[in-house]
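The values are calculated or read from the model by the stated rules, or taken from the named source; none is laboratory data. This is a predicted model, so every value here is computed, not measured. Cβ placement follows ideal geometry from the backbone for every residue including glycine, while neighbour counts extend to all protein chains displayed.
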């Protein structure tokens, strides 16, 4: 089984832009999810799984906000695959600002074939790619 240190992960760096802030001057809650989705895109491309875009809607997210991030601040978002199920996948993430962890949480996606009324099992190429790297695949 893969250890947390060997699971597929990516870290991206962004700067808090003006459109990422709210009326109080710090990051808007939605900015964290945009940074997480940017990290997800980079991770999937790196794994050769970019074809999942359009087939893996978000079904759940949770975020614990720990600190504020301010306009111009450098932000590092680390995202990793924590668990893979028959038709879903759980990412976990941390968002760090210049003073430490600003947010942490999880994002769950599900695989859905076009026209299907609900979640469908992951294609074999996804299962084999992720299973070999993550080591946590529920059958």
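Name the pairs whose Cβ atoms lie under 6 Å apart, with the first residue in segment 27-55 and within 19 Å of residue 111 (Cβ to Cβ), the second modelled with pLDDT under 95 and exposed (fewer than 15 other Cβ atoms within 10 Å of the Cβ), and 6 or more positions between them or separate chains?
What qualifies is 44/50.
For segment 12-108, list the strands (runs of 3 or more DSSP E) that sit wholly inside it and hold at least 1 residues that are crowded, with 20+ Cβ neighbours inside 10 Å; which are they?
Those strands (runs of 3 or more DSSP E) span 74-84, 88-97.
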